[in-house]
Amino acid sequence: MAQWLGLDAAIVGVASRCGEDPRLVYDQALMIQIFIDQGMDAEEAEEWVDLNIAGAWIGDTTPLLMVSFDEEQKATIERDGLEALLGVDAEA
């Protein structure tokens, strides 16, 4: 199972689906915070994660990134449905 070195504190679980190997799941906000704690500013850390992690492919078990919904986003989903938040058809 592939993993991002030095980012174990951002692992929040394992995801799997039929016919595929399990993958580690990382919390994107926690990853960004790790880089901030190492001396990057917030913008720099977000850009680094976007370019070097979210945009990376290291094989079939490339880890997944999770973005948690805040309370306002949860309320939007409850009120208007997932499509309203994501701007896509959730059933597609």
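Bear in mind that the values in this text are calculations on the coordinates, not laboratory data. Worth saying up front: this structure is predicted, and the values here are computed from it rather than measured. Don't worry about glycine lacking a Cβ; one is built from the backbone with ideal geometry, like all the others, and counts go over all protein chains shown.
So how many residues does region 1-56 have that are in contact with an Asp or Glu (Cβ under 7 Å, 6 or more places away or on another chain) and either closer than 21 Å to residue 69 by Cβ or part of a strand (DSSP E or B) (or both)?
Qualifying residue count, region 1-56: 3.
Would it be correct to say that residue 33 is of a type in the set (S, T, N, Q), exposed (fewer than 10 other Cβ atoms within 10 Å of the Cβ) and out of contact with any Pro (no Cβ under 7 Å at 6 or more places or on another chain)?
no
I need the full set of residues from region 57-92 which are within 22 Å of residue 2 (Cβ to Cβ) and either assigned to a helix (DSSP H, G or I) or touching a residue at least 60 places away in the same chain (Cβ under 8 Å) (or both), in order please.
Once the filter is applied, which keeps residues that are within 22 Å of residue 2 (Cβ to Cβ) and either assigned to a helix (DSSP H, G or I) or touching a residue at least 60 places away in the same chain (Cβ under 8 Å) (or both), region 57-92 yields 61, 62, 63.
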